[in-house]
Amino acid sequence: MNILILGGGSCQLNAVKRCKDRGCKVVVADYLENAPGKKYADHSDMASTFDGEDCLKVALKYSVDGVFTLGTDQPVYTAAYVADKLGLPFFIDIDTAKAVTNKKVMKDIFIKNNIPTIKYKILKEDFSCDDINGLKPPFVIKPLDSQGQRGVYKVNDINGIREHMEEVLSFSREKEILAEEFYESDEITVSGWVKQGQPHILTVTDRVTFSRGKHIGICAAHRYPSKYLKERFEEIKDITNRITEAFGIKEGPIYYQMLIGDQGVLVNEIACRIGGAYEDIFIPQITAVPVLDMLIDGSLGLEIDYSLLDRYDILKSNSYLAVYMLFIKPGRIGFMTRMEEILSLPGVIGGCYNFAEGDCIGEISDARFRAGAVIISGKDEEEYIHNVKNALDHIKIKDEKGRDLLIRF
């Protein structure tokens, strides 16, 4: 069978390899010529995963039997569009895909269904002071339809919104932006799978973030289990159920980001995909639920084996695991510890670099500046902490003069 994967980056690489292992002919669409997934694919095309028409042409060219993406937000809508046009299997319809990839539609559904979320306004470029009434500074401003923290800024006042409006819009296909009150909070991510309209929560992770000046919310790590898992689980589960019902999600992967602070649990944003912190690798490690195979099966119209999903109970999980994103200071990379060496360390179950020796890296502004990632586990908390320290101590990234570039959070 021929399958089209939208995106050939590090977040899709495992999926490309898994489809190949299963005997599929893999087509990768990515606008980058050197996207790593293209090296393993049977066919690849220079097509933007944000462009439905371009990806439709690729699907027709190779007569694909299915299409999917993972680890990235906006291509979910593109995949739904291609599937809709060609009558291919897909977990959600095109209207739902629009709702989970456009923050204006998303927030409107939150409000209409009393799903707790941050106070917000939708602003046009020529907005007036009255348009922001009701929001207290500081503000967080975002594109309506982007991803990976691109174009997300924290500003102190209305003038800050005006100053950054053009930058935010440059990451969007829309003519409006989202402005929210800044909510001092911890972040969690709920990953799961919806079966016949019923969400099954697989993991709840603490999403550890950092800021660089006006750039905020850049993910540094996901840690499982979340410190909030047991004490707030019923509230998290209730909100997860309400989101799933409100958006009419009947089948497939879900990825809900929530914020926990003095106003309680508020929903930040949601997606219908496997997450971009290598959840396709670490969720099976923690749960034994083969979410990547389930995604592939459903995308090809094959029957999904739900036996392991049905048996899994998150509150009985004793696993410890973290995904650490590797970020570096600006400079030219002169040396990197071999990934093969890192993967041989105790508890390390996955890892990758997104750059190579000789590459020059600029100031961090969003997730595109990840130098790589490493996934570390342990059979109990003590072993997990030891394995994390050991692995992070082994990773060296230096510039051409031998100076340490790796940022340690």
Practice task
Of all residues in region 364-409, count the ones that are of a type outside the set (Val, Ile, Thr), surrounded by fewer than 16 Cβ atoms within 10 Å (Cβ to Cβ) and out of contact with any helix residue (DSSP H, G or I) (no Cβ under 8 Å at 6 or more places or on another chain).
Solution key: 17
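Would you check if there is a residue in region 184-202 being aromatic (Phe, Trp, Tyr), in contact with a helix residue (DSSP H, G or I) (Cβ under 9 Å, 6 or more places away or on another chain) and at pLDDT 95 or above?
Yes, region 184-202 contains a residue that is aromatic (Phe, Trp, Tyr), in contact with a helix residue (DSSP H, G or I) (Cβ under 9 Å, 6 or more places away or on another chain) and at pLDDT 95 or above.
Give me the helices (runs of 4 or more DSSP H) completely within region 73-191, filtered to those with at least 3 residues that are among the acidic types (Asp, Glu), ordered by residue number.
On the way: elements: 75-86, 94-99, 103-112, 158-169.
Fully inside region 73-191 and qualifying: 158-169.
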Problem - Where Val64 falls short, out of the listed (1) touching a residue at least 24 places away in the same chain (Cβ under 8 Å); (2) crowded, with 24+ Cβ neighbours inside 10 Å; (3) within 22 Å of the chain's Cα centre (by Cα) - result: (3)
Exercise for the section: Within region 36-54, identify whether any single residue is open to solvent by 10 Å² or more (accessible area, probe 1.4 Å), touching a Ser or Thr at 6+ places or on another chain (Cβ under 6 Å) and touching a residue at least 40 places away in the same chain (Cβ under 8 Å), and answer yes or no. Expected result: yes
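Could you please find all residues in region 274-291 being aromatic (Phe, Trp, Tyr) and open to solvent by 10 Å² or more (accessible area, probe 1.4 Å)?
Tyr278 - this is the single residue of region 274-291 that is aromatic (Phe, Trp, Tyr) and open to solvent by 10 Å² or more (accessible area, probe 1.4 Å).
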Exercise for the section: Inspect region 223-246 for any residue being touching a Leu at 6+ places or on another chain (Cβ under 6 Å), aliphatic (A, V, I, L, M) and under 18 Å from Ser317 (Cβ atoms) and give the result as yes or no. Expected result: no
Exercise for the section: Please work out which residue is modelled with the highest pLDDT, limiting yourself to region 292-318 and to residues that are polar (S, T, N, Q) and open to solvent by 30 Å² or more (accessible area, probe 1.4 Å). Expected result: Ser307
Fill in the blank from the handout: Filtering region 67-92 down to residues that are touching a residue at least 24 places away in the same chain (Cβ under 8 Å) and among the charged types (D, E, K, R) yields Asp73, Lys85
Problem - Enumeration of residues in region 254-273 that are open to solvent by less than 10 Å² (accessible area, probe 1.4 Å) and within 22 Å of Ala80 (Cα to Cα) - result: Ile254, Tyr256, Ile270, Ala271
Completion exercise
Asp157 passes all but one of the listed conditions (1) over 28 Å from Lys214 (Cα atoms); (2) over 24 Å from the mean Cα position of the chain (by Cα); the exception is number (1)
Fill in the blank from the handout: Log entry, pairs with first residue in region 351-379 being farther than 17 Å from Arg408 by Cα and in a strand (DSSP E or B), second being of a type in the set (Ser, Thr, Tyr) and open to solvent by 50 Å² or more (accessible area, probe 1.4 Å), beta carbons closer than 8 Å, six or more apart or on different chains, reads Ser377/Tyr320; Gly378/Tyr320
Handout entry: region 36-90 - residue that is of a type in the set (A, V, I, L, M) and touching a Cys at 6+ places or on another chain (Cβ under 7 Å) and, of those, nearest to Thr101 (Cα to Cα)
Key = Val76
Problem - Scope region 199-236; condition part of a strand (DSSP E or B), open to solvent by 40 Å² or more (accessible area, probe 1.4 Å) and either acidic (Asp, Glu) or free of Cβ contacts under 8 Å to residues at least 24 places away in the same chain (or both); matching residues - result: Thr209
Handout entry: Pairs where the first residue, in region 1-20, is surrounded by 24 or more Cβ atoms within 10 Å (Cβ to Cβ) and the second is among the acidic types (Asp, Glu), C-beta under 6 Å, 6+ apart
Key = Gly7/Asp30; Gly8/Asp30
Completion exercise
Taking region 225-270 and the residues there that are closer than 21 Å to Gly298 by Cβ and of a type in the set (Asp, Glu), the one that is farthest from the chain's Cα centre (by Cα) would be Glu245
Practice task
Filter region 32-48 for residues that are in a loop (DSSP other than H, G, I, E, B) and either within 10 Å of Gly9 (Cβ to Cβ) or at pLDDT below 95 (or both) and give the result.
Solution key: Leu32, Glu33, Asn34, Ala35
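The values are calculated or read from the model by the stated rules, or taken from the named source; none is laboratory data. Keep in mind it's a predicted model, so treat the numbers as computed, not measured. Note that each Cβ is placed from the backbone with ideal geometry, even for glycine, and that neighbours are counted across all protein chains shown. Please note that ligands, DNA and RNA were not included when accessible areas were found on the heavy atoms of the full protein model with its side chains. Shrake-Rupley method; radii C 1.70, N 1.55, O 1.52, S 1.80 Å.
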